[in-house]
Amino acid sequence: MTTERLAPTQPTSGKRSAVRATTWLLDHAVVALLVLIVLALAVLSPSFFTGANLANLTGQWAAVGVLAIAATYLIIAGGFDLSMGATFAFCAVVAAGVGTQYGTIPAYGAAIAVGCVVGLVNGLIVRLGGINPFVATLGTSFIITGIGFAITNAQPFYIYDGSFQWLGSGRLWTIPYSGVLLLALLVIAGLVLSKTVFGRSLYAIGGNEEASRLAGLRVDRTLITTYMISGLAAAVAGIISASQLGAGQMTTDISILFDALTVVIIGGTSLSGGVGAIWRTGIGLAILACLGNGFTQLNLSSHLQDIITGLIVLAALGLDRLLTTYRKRGMEV
Amino acid sequence: MTTERLAPTQPTSGKRSAVRATTWLLDHAVVALLVLIVLALAVLSPSFFTGANLANLTGQWAAVGVLAIAATYLIIAGGFDLSMGATFAFCAVVAAGVGTQYGTIPAYGAAIAVGCVVGLVNGLIVRLGGINPFVATLGTSFIITGIGFAITNAQPFYIYDGSFQWLGSGRLWTIPYSGVLLLALLVIAGLVLSKTVFGRSLYAIGGNEEASRLAGLRVDRTLITTYMISGLAAAVAGIISASQLGAGQMTTDISILFDALTVVIIGGTSLSGGVGAIWRTGIGLAILACLGNGFTQLNLSSHLQDIITGLIVLAALGLDRLLTTYRKRGMEV
Amino acid sequence: MSGATESGATALEVSGCSKTFPGVRALTDVSIAVGAGEVRGLVGQNGAGKSTLIKVISGAEHADSGTVSVNGQLLAPGVAAHRDAGIAVIYQDPGVVPALSACENVFLGDLPTRGPFVDRGHMRARFEELCRELQVSIDPSARAASLSLGDRQLIEIMRAIRSASTVLILDEPTSALPEEERVRLFEVITRLSGAGVAVVFISHDLDDVLDICDTVTVLRDGGLVCTKAASSMTRDDLVTAMTGQTIESAPRSVTDRSIGAEVLQITDLTTRSGADQVDLRVRAGEIVGLAGLLGSGRSEILRAIAGADRVQSGRISLLGEQVAWPRSVREAKSLGIHLVAEDRRRFGLVGGESTTMNVALGGFDRRRWFGHVSRSAEMRSQHEVLQHVGYPMGRESQPVRNLSGGNQQKVLLARLLALRPRVVLLDEPTAGIDVQATAQILDLVRGLASEGAAVIVVISDLQELIHACDRINVVRSGRIVGQFASDAVTESDILHLAFAQPA
Amino acid sequence: TVLALSACGAGETADTAAAAKPKIDAPEISASLSPMDQAEAYDKAVGKASTNYKIAALNTCSDLNAWCQAMSKYQKEAAQKYGITLEVYDAAFDPAKQLRQVQDAIAKGGYDGFIFQPVAAAPGCQMIKLLLDTGLPVQQANSPVCQDKDYHEGTTGMVATSTEAYYGKYLEHIFDSCDGKPCKAAVIGGVAGQDGWRRLQAAIKDTSAKYPNVEIVVEQPADYDPNKALRITQDALTAHSDVSVIISAYDEMSRGVLQALGDAGRKVGKDVKLFSIGGTPYGLSQVKAGNFTATVQSDPKPEGWFSVVELVRALDTGQQTKGWSSTGDWDGIKDGPGSEILTVENVDRYTPSYG
Ligand SMILES: Nc1ncnc2c1ncn2[C@@H]1O[C@H](COP(=O)(O)OP(=O)(O)OP(=O)(O)O)[C@@H](O)[C@H]1O
Ligand SMILES: Nc1ncnc2c1ncn2[C@@H]1O[C@H](COP(=O)(O)OP(=O)(O)OP(=O)(O)O)[C@@H](O)[C@H]1O
Ligand SMILES: [Mg+2]
Ligand SMILES: [Mg+2]
């Protein structure tokens, strides 16, 4: 009886460290999930754990990954950009279209310029107009799609050009340049987010916008910049895709955006803002990439793929939830 | 000079009522938008203002409208259901599949049961699991799609049965029964939302969940019920579609959900919860219906339609924003 | 109140209540009994468990063990059941639903119906009745979003007294109430208790508690310390019971500070949000207080000076030199003007971030966007200042939302101190904070002043304000209507001026 | 009917790059035969592979609808008959996924050849290049890539249905049905920007130029969604009550068109003609019932079956089946209904290979 009374008020250091360990474990449960998936694949599919396969994966998920990085920034800062899918397609077309006429540098430049302008417009509408970001970017998404189709008349642009396709088809040893770019961006974006004033400002703004403003942060400027980063990322993803395919075409298919969001969510970045990390998005990306690769190698039906992806999304959320509850408990001990 | 100084502290009743009038006008600006569109169409397309055309419109948008009504409820209460698109398709298949074997009543009943179960599961996950509704229903959406494809093996079900198709192809004078159902549901849902305890609770919960809980509202139960209504609506929309077409087939296309959300948003129901109305959704529906109708009748490019839809979404948001600002100012007068 | 403790039969009885939140024991075996017509005070330090006890009584939290009964009847769980038994609560954090009308807000959770529909006629009639009872006029159809803060609080009070037939509980209702409404609320309490309603009143204002309560219950660390007649206790007794130790009030200390040259001069400040032709002067080492009713515009004046709100007109001089009016918080900060806003959770802290980050945030505007932020370096550089403000060291990396109100305020002060401010603007730095922490924070403010800062502070508790300041300006309808030296002023002088009707 | 074998070793046979020596004793097939006839001839004459080749089938889909399922089934049956191993990759209509699968298949290695069904022409262009770059034989199926009209140079053959020429032929049939009189037509289309709909649109543009009497009054995408088809058809009929020809881009979508026609009290065959596309079991039943004026075949069997045959032929003999093996030239069509265009006159002679 006496000991039980004492326990809550005087926790032993052993108990405290056990709680810490559990919290840490739950916090890194996505990593465990990834390890599990990788192990399962290694056993089931002999060709999974080959250098060539893993190297390919980086290039295959480069476009999705770049979008996911920017989405992570924006979501942490409390924003959202539904127009990334449309901007991605539009920028791919711009790159391919300009590239056929004026060469690679102008092509990439034009796509990036378009992406940044779209991002700027989104940022201005959302921040200065004070409009809900989901809805505002749904609106711009319609507009971008319409404009893209109208000016290309829905025709694809083909571009066969070594320099244009260098990024998409060249390789550093076995790793595609696009994959190298993705890995580099993950590292840089991770460092910027966790170690710079700009990065920490995103957490602060997403966590409490008004308090951040009153602490002297330039909230509007920071968020508009983040929307521009989002547009820029859509452009870079578009360039990667155009360069990998040697073609660009408008499409109404925004599944690439859903892939990117699924990646962010599986990683554990919260849609309510203020919480998340690039390493999480990296893990989420790896999970989705391995799953897709494994599904193909094991030749699972696309229905089963859907079901498993859905269950993993829910599992990631459940873990996150468990973590939050447990952390509260650990905290007071 | 003197009069100007006095004005803010002692507003004349004229000024006050001017403010009221402006606020009212802004609040009903979507109606003006609809009137504008209708007038434009009446001039441009001679066949627009015919009874047959308007009657057709109600049937064409019945499924979208039913989804939009439920989405309005859920969004006002601070919830969200991304899985409605998948549930819609699944329930259409269930209705058609069961209908071919067991007749109309069991078919409709089975679809409704499935819809309610999906809604219940969503509600339980979101509320009892305490998970972000966007993400949770994204997860269930994957799962429903996967299950739907797996059990139907992607086969369509055809049903030629007078009673099954009665709802979709019968007419009251010139109005399709499905259109009559939509109009009736709009009226009933509007009354329930504005005049009953349940309806008012949705505003209360969406506006301030904690205050509602402390005031004795059964927040979880109300919200879970609303998720069930959302599933039910997806089932009804699925039944309407199956009955109109005499067939049901699984699809990955969730554009019907985007249509429904666009309708809700154009109407002016806010995604942040606590604000909105069914009449607004009705107006939003009419705007989207008229636009689509006019574009086909005039055979304008669908790309242009995308652009205009996007602009209308942004305009609706801009108006709402203006209204909020103006209302704040009006209060101080 | 009336002095007489002629309380009738036991109206409310809580026996043996314990409540554990994950990892923290909020209540341990608490039993209280409140008689019909009795006004019971409930005091304790922050986190003592007062609000938790109230939530158990109202049915909003389910106790792990123990029972609640009203008039001898055990209550079923759930807010609705407790409400139907005649228990009503005015909560610490006001909660109205913005999109619903004033009237619907009063009947929230208990809308009257006629057939399937809400009975608006009945609701409105009852609403007008309540308005008359409280002698206020609120448009029943106005959306709550468009009501002033004071009116919203009134809505909550109306909601509570509407259904309080047996027990009325007030959880720090006065912390957001202006004097006028406060007085009216006390009248209502008197009337209800006279009519046999048991009242439980929670406040950190111990004088109020001793003033209006018949008996006082003290909680400490979730346990019951004592219940005594109010007449038999003094303020110091209560403090001792709450803290388990004796605290001397800090002595007034104008003398050990030298007041220097004029640092800040504001002329003709007018804002759309409420400030009206405000003139203010503050000298180095001086603490100037702003007194006024709720909604008088005190916060708006501070926010305008800090660059947080847009101004319509106004001139500002620093150390005698006229400068352009700061158009953002950032600009104000670069002039050395720093604000610690009211409501620290909403306007001060990023709850999910650590103490280290919350303190560091204050310096972000002086740094380049891609400047390196290192946690360990920040922690080292903040060590001294955190220790100085009396922060419990070792918790720097936990999210600040887990800290007590007092410690949260210390984090904000640490952020301020790290910036070496020239002008300091403090809005309600002691709101909702217990006696001990309040004393510490006011000491820190004095420390800041003695290092040469010019300080303007808003505190609603007039006694505290007089105690803390050298000079007090009274604000009414956004204007400065009078000024007092604090060693020659009484609370009633201030109130008199604050209430005076414009000629 | 088309079995025409010429003497061994004579005539201009198909390309030879890799094939120094045939691995199988196969009869020479005249290159003057149509590509589909060459494939059929090979299938009848040989019908067996020399060894158990391992082949990757990079399909546009294999289980998302009945057509995909049937096509994959016939691929597998052909593989079984020839005694080869087929590994199926299912892109589920997603070009991004298909690119990954192409890369995965190449990286995995161990294949003797590829069958490639592009999800879309533009991305498919790069993918077919990647596949050809492996030096292994690549068989194309289902749909053209790049800016090709049909066959892609360097592949072992191309078995497909819906090229622009296929639509053009059908449209001429449709426009001819106006008998040179003024005639208004509405087109209920596919998904904006997608290849199938773009090819149909291009064919409409070209064919319309030849038929000044035909006026296209409505041409709108309906996303292959019967609900949208219903909507657009109703709107088209109210705006242009004198529409006499309706062209629907897919049989399943035509069910929405039919519903709209019924609602408007219009009867196919009496005052309006409905031309559908797809030749699905549902479409055929509607043609039989007189609800569709016609539909045009798109049989999954020849697409699945002969893509395997042509690849095995290349592997075993080094001969490519150059050009477009149109499923319209398949015996199942030629000996059955006699035409790709299925109307009430010939529909009874056609049995689809699925459904
Ligand atoms: N929902 C909750 N989850 C976890 N802990 C809680 C919860 N609510 C209260 N607590 C904890 O219970 C204890 C008592 O809190 P309570 O709010 O009852 O104190 P209080 O006396 O009302 O303080 P204050 O004067 O600050 O209002 C505190 O340690 C608090 O952190
Ligand atoms: N929520 C609100 N919306 C609109 N105007 C408000 C609101 N709250 C207050 N006001 C207006 O702003 C002005 C000042 O209000 P405020 O309550 O901030 O004053 P204050 O003196 O700082 O009071 P306190 O600091 O005690 O809360 C008043 O004119 C009031 O009517
Ligand atoms: Mg409390
Ligand atoms: Mg204030």
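The values are calculated or read from the model by the stated rules, or taken from the named source; none is laboratory data. Just so it is clear, the structure is predicted and the values come from calculations on it, not from any experiment. Here the Cβ is made from the backbone with ideal geometry for all residues, glycine too, and neighbour counts use every protein chain on show. Remember, those area values only see protein heavy atoms, side chains included, never the ligands or the DNA or RNA. Shrake-Rupley method; radii C 1.70, N 1.55, O 1.52, S 1.80 Å.
List of remarks:
- Förster radius 30 Å - calculated FRET efficiency between residue A:17 and residue C:67 (Cβ-Cβ, nearest 0.05): 0.20
- Charged neighbours of residue D:176, selected by a Cβ distance under 14 Å, balance to +2 (K, R count +1; D, E count -1).
- At least 40 Å² of accessible area lost relative to the chain alone, listed for segment B:111-145 with a 1.4 Å probe: B:131, B:134, B:135, B:138, B:142, B:143
- Proximal lysines relative to residue D:270, as straight alpha-carbon distance under 28 Å, when same-chain residues fewer than 8 apart are discounted: D:169, D:181, D:184, D:205, D:210, D:228, D:288
- Note that chain D presents 34 Å² accessible area per residue, ligands and nucleic acids not counted, probe 1.4 Å.
- Dividing the helix sum by the residues of chain D, where each DSSP H run of 4 or more adds -39500 (n - 2.57), gives a mean residue ellipticity at 222 nm of -12500 deg cm²/dmol.
- Alpha-carbon centroid distance for the pair segment A:130-193 / segment D:198-261, whole angstrom: 35
- Under a model in which nothing but the beta-carbon of Lys, Arg (+1) and Asp, Glu (-1) is charged, segment C:10-248 shows a dipole of about 680 debye around its Cα centre.
- Helical content of chain C, expressed as a calculated mean residue ellipticity at 222 nm, amounts to -9500 deg cm²/dmol (DSSP H runs of 4 or more residues, -39,500 (n - 2.57) each, divided by residue number, nearest 500).
- Volume of the Cα convex hull of segment C:50-204, divided per residue and given in Å³: 123
- Of the residues in segment A:253-301, those shielded by at least 20 Å² of accessible area once partner protein chains are present, compared with the chain alone at a 1.4 Å probe, are A:258, A:262, A:265, A:271, A:296, A:297, A:299.
- Sum of -39500 (n - 2.57) over DSSP H runs of 4+, divided by residues of chain B (222 nm, nearest 500): -25500 deg cm²/dmol
- Over segment D:42-96: Kirkwood hydrodynamic radius from C-alpha pairwise inverse distances, Å: 12.0
- Sequence-distant lysines (8 or more away, or on other chains) whose Cα lies within less than 24 Å of residue D:44: D:21, D:23, D:54, D:73, D:76, D:81, D:301, D:322, D:334
- 29 Å tail of the calculated P(r), chain D, as % of Cα pairs: 41
- Residues residue C:323 and residue C:226, FRET efficiency given R0 of 56 Å [Cβ-Cβ distance, rounded to 0.05]: 0.50
- Distance between the modelled labels on residue B:160 and residue C:310, one decimal in nanometres: 6.8 nm (7 Å Cα→Cβ projection).
- Selected from D:326, D:50, D:298 as most flexible by GNM, with chain D as the system and alpha-carbon contacts under 10 Å: D:50
- Legend: P(r) of chain B from all alpha carbon pair distances, 20 Å bins from 0, whole percents, reading 29, 54, 15, 2, 0.
- With 40 Å² as the minimum drop in accessible area between chain alone and full protein complex (1.4 Å probe), the qualifying residues in segment C:351-368 are C:353, C:361, C:364.
- For chain B, the longest principal axis of the Cα atoms and the long axis of helix B:13-27 meet at an angle of about 20 degrees.
- Placing unit charges on the Cβ atoms only, positive for Lys and Arg and negative for Asp and Glu, gives segment B:216-333 a dipole magnitude near 480 debye about its Cα centre.
- 10 Å Cβ neighbours from other chains, averaged over peptide C:302-308: 1
- For segment C:115-134, the residues whose amide N sits under 11 Å from a probe point set 7 Å from the Cα of residue B:191 along the beta carbon direction are C:116-117.
- Between chain A and chain B, roughly 2900 Å² of accessible surface gets buried, counting both sides and using a 1.4 Å probe.
- Listed by chain and number, the aspartates and glutamates placed with their C-alpha closer than 18 angstrom to that of residue C:228 are C:6, C:13, C:38, C:205, C:207, C:208, C:211, C:214, C:236, C:237; residues fewer than eight positions away on the same chain are left out.
- GNM flexibility winner over chain A from A:289, A:96, A:211 (Cα, springs under 10 Å): A:211
- Amide N of segment B:296-318 lying under 20 Å from the label point, which is placed 7 angstrom from the Cα of residue A:153 along Cα→Cβ: B:299-307
- In this assembly, the A-C interface accounts for approximately 2800 Å² of buried accessible surface in total, computed with a 1.4 Å probe and without ligands, DNA or RNA.
- Per residue, segment C:109-160 exposes 50 Å² of accessible surface when a 1.4 Å probe is rolled over the protein heavy atoms with every protein chain present.
- Extending 7 Å from Cα along the Cβ direction at residue C:9 and again at residue C:481 yields two label points whose distance is 5.0 nm.
- Percent carbon-and-sulfur accessible area, segment C:10-248, ignoring ligands, DNA and RNA, probe 1.4 Å: 46
- At 1.567 mPa s and 4 °C, Stokes D of the protein assembly as shown from Kirkwood alpha-carbon radius, µm² per second: 36
- Added length on full extension, which subtracts the Cα-Cα distance from 0.36 nm per residue, residue C:387 to residue C:29: 125.3 nm
- Chains D and B together, accessible area buried on both sides, 1.4 angstrom probe, square angstrom: 2500
- With contacts taken as Cα pairs under 8 Å and at least 6 residues apart, chain D reaches a relative contact order of 21 percent.
- Note on residue D:351 and residue B:36: with the Förster distance fixed at 41 Å, the Cβ-Cβ geometry gives a FRET efficiency of about 0.15.
- Fraction of accessible area attributable to carbon and sulfur, segment C:351-420 (%, probe 1.4 Å): 49
- Residue with peak Gaussian network fluctuation, chain A [Cα springs, cutoff 10 Å], from A:203, A:160, A:177: A:160
- In chain C, one over the average inverse separation of all distinct C-alpha pairs is 24.4 Å, which is the Kirkwood hydrodynamic radius.
- Over segment B:32-328, accessible surface divided per residue gives 34 Å², non-protein components excluded, 1.4 Å probe.
- The length gained on full extension between residue D:285 and residue D:80, counted as 0.36 nm times the residue separation minus their Cα-Cα distance, comes to 70.6 nm.
- Against chain D, whose longest principal axis is taken from its Cα atoms, helix D:121-133 shows a tilt of about 10°.
- Surface share of carbon and sulfur [accessible, 1.4 angstrom probe, percent] for segment D:177-327: 52
- Each 10 Å bin, from zero up to the one with the longest distance, holds this percent of the alpha carbon pairs of segment C:351-420: 21, 59, 19, 1.
- When the alpha carbon gyration tensor of segment C:405-503 is reduced to an equivalent ellipsoid, its three semi-axes come out at 26, 15, 12 angstrom, largest first.
- Placing a label point 7 Å from the Cα of residue C:183 along the Cα-to-Cβ direction, the residues of segment C:278-295 whose backbone N falls under 20 Å from that point are C:291-295.
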